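> Handing you this structure, nothing more for now.
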Amino acid sequence: MRVKGSMLMFVVRAIRGGGIENFESLLTDGDRELAAQKILSINWYPFESYKRLLDALVAVVARGDMNVVRQWGRDYGSTILDSIYRSTIVAGSPYRSLKSYEQRFAAFYDFGVVEVNDTGPGTAEVVLRDFDPEWEAIYQLIYGWFERTAELAGARDPQVVFTSRSWTGDPYTSYRISWSA
């Protein structure tokens, strides 16, 4: 299982910014070596290191507060969707912008499946399958990312709610996203 450098860069920058020594006890030697490297957006990196690095940020910087993690998703979504993945946003169509993740997700992770379903005017359901089922932090990060995607596509007052949570025993994680035009 691997993650694209464009996703890892955000986490490594934050670790470096917080002083890698503050995360020492939560990381392996390999994680620390990876965090010291130049991360290239087009390269693939080990998913397990990405997970430990993000978990270290959640523990030390966010102190386990998932609202902070959601905000990180919004912030990083803004950064990356205004640059590398600008083509993801379809102006005036939050649904089509979200739908693009069915294929775009493979640019971030080499495993897992995203399904986006139109559930009526101003609503969509997003389902993540075959991903890391117990890793709540990534699902919270993605929550913020989806919220920001809808906004960038022109949605007013987007609302995201979990409709299932794999980390609590559900077979997959899903979100209902609604918005005003």
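> Which condition from (1) modelled with pLDDT of 95 or more; (2) open to solvent by 10 Å² or more (accessible area, probe 1.4 Å) is the one that residue 37 breaks?
Tallying (1) modelled with pLDDT of 95 or more; (2) open to solvent by 10 Å² or more (accessible area, probe 1.4 Å), residue 37 fails exactly one: (1).
> Among the residues of region 10-42, which ones are within 25 Å of residue 133 (Cβ to Cβ), in a helix (DSSP H, G or I) and free of Cβ contacts under 8 Å to residues at least 40 places away in the same chain?
23, 26, 30, 31, 34
> Kindly evaluate residue 35 against the criterion of being out of contact with any Ser or Thr (no Cβ under 7 Å at 6 or more places or on another chain), among the hydrophobic types (A, V, I, L, M, F, W, C) and under 30 Å from residue 21 (Cβ atoms).
When the stated conditions are applied, residue 35 passes them.
> Within region 63-110, how many residues turn out to be of a type in the set (S, T, N, Q) and either within 12 Å of the chain's Cα centre (by Cα) or open to solvent by less than 50 Å² (accessible area, probe 1.4 Å) (or both)? It would help to see each step written out before you state the result.
From region 63-110, those of a type in the set (S, T, N, Q) are 67, 71, 78-79, 83, 87-88, 93, 97, 100, 103; that's our starting set.
Remaining after also requiring either within 12 Å of the chain's Cα centre (by Cα) or open to solvent by less than 50 Å² (accessible area, probe 1.4 Å) (or both): 71, 78, 88, 93, 97, 100.
Looking only at that region, the number is 6.
> Okay, moving on. Can you confirm whether residue 45 is within 21 Å of residue 16 (Cβ to Cβ) and in contact (Cβ under 8 Å) with a residue 12 or more places away in the chain?
The answer is yes for residue 45.
> I need the full set of residues from region 40-57 which are hydrophobic (A, V, I, L, M, F, W, C) and open to solvent by 20 Å² or more (accessible area, probe 1.4 Å), in order please.
Scanning region 40-57 gives 40, 42, 44.
The values are calculated or read from the model by the stated rules, or taken from the named source; none is laboratory data. Not measured: the values here are computed from a predicted model. Heads up, the Cβs are rebuilt from the backbone with ideal geometry, glycines too, and the neighbour counts pull from every protein chain shown. Note: accessible area is taken over every heavy atom of the protein model, side chains too, but ligands, DNA and RNA are not part of it. Shrake-Rupley method; radii C 1.70, N 1.55, O 1.52, S 1.80 Å.
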